[in-house]
Amino acid sequence: MKSSAIYKFQLAEHKNSTLIFCLVILAILACIPIYNGFSSMFQVQSDTTIQVTGIDMAPAIFLFVCGLNAFKDNFYMALQNGISRKSLFINRIYVVLTLSVVMALFDQIVMILGKTVDSLSESINYSGVLEMLYGSQFGTQSGGFLKYFESFLFLTTLFIAFLSLGYLITVIFYRMNKKQKISYVVSFYVVAFVILPIIDMLMAGQLSIILLKFLDMTMGISVQNPFIGMFSLIVFSIILSGLTWILIRKAGVKN
């Protein structure tokens, strides 16, 4: 009963924000043909193609932000009601899976609507992240159920990874004191925007090439195999979840 309650509590925390996000995405999608219709009516840039690219990455960013704001209140509520850290963590995994599946399904609806709009107008070009990474077969309606199912699986694993990453970061920050948080943020920016660019410059761009090759290999882009990417994302999510549990199991209440 308690486990069910903490699952519902964590899931309900995301209900309103998720609904608003979905409505905003649908509104943006609806505005594109309206804008195109007005442009055609008044002959404003009628020869310009409207590019809608990678809009299905927006849910990933949204879920990452959700993960960043999903620990402290839930953690305190669980402890106050006698729910163990283990139950909190396990039910958090259930919440991550639920949100990822729901958003992946929503993304497929957006994809179908976007491609429908694309097919009705020559001046609108809609493309998703899978189409960009793994070829045009993911951007056509002729691919059938199998292509949409593969897209659904890939996006589900992608969203799980983003949610898990956001949740790990917020748990890390919770365990840190103020000085550690400042040091962490400063160190990250120094390494990401100063040290690594300098190293890359000294290596004549080889560091960037190595990182891009690693990303290409782990995501299966060159071989056009999204299942390699799914496997890598699952492994990445498992590692993130393991690190999160290590931090949660000894987390205490802060004043």
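Values in this text are rule-based calculations from the coordinates and carry no lab data. Keep in mind that what you see is a predicted model, and the values were worked out from it rather than measured. Cβ coordinates were reconstructed from backbone atoms using ideal geometry, including for glycine residues, and neighbour counts include every protein chain displayed.
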Study note, to complete from the structure: Over its alpha-carbon atoms, segment 208-255 yields an Rg and a Dmax in Å of 16.1, 52
Practice item. Hey, could you get me the Stokes-Einstein D for segment 149-255, Kirkwood radius over alpha-carbon pairs, 37 °C and 0.692 mPa s, rounded to whole µm² s⁻¹? Key: 201 µm²/s
Point to revise | Hits among lysines - C-alpha to C-alpha of residue 8 under 22 Å, sequence gap 8 or more where chains match | key: 72, 86
Check your understanding: Using the 10 angstrom Cβ neighbour count as an exposure proxy, how do 167, 126, 7 rank, fewest first?
Key -> 7, 126, 167
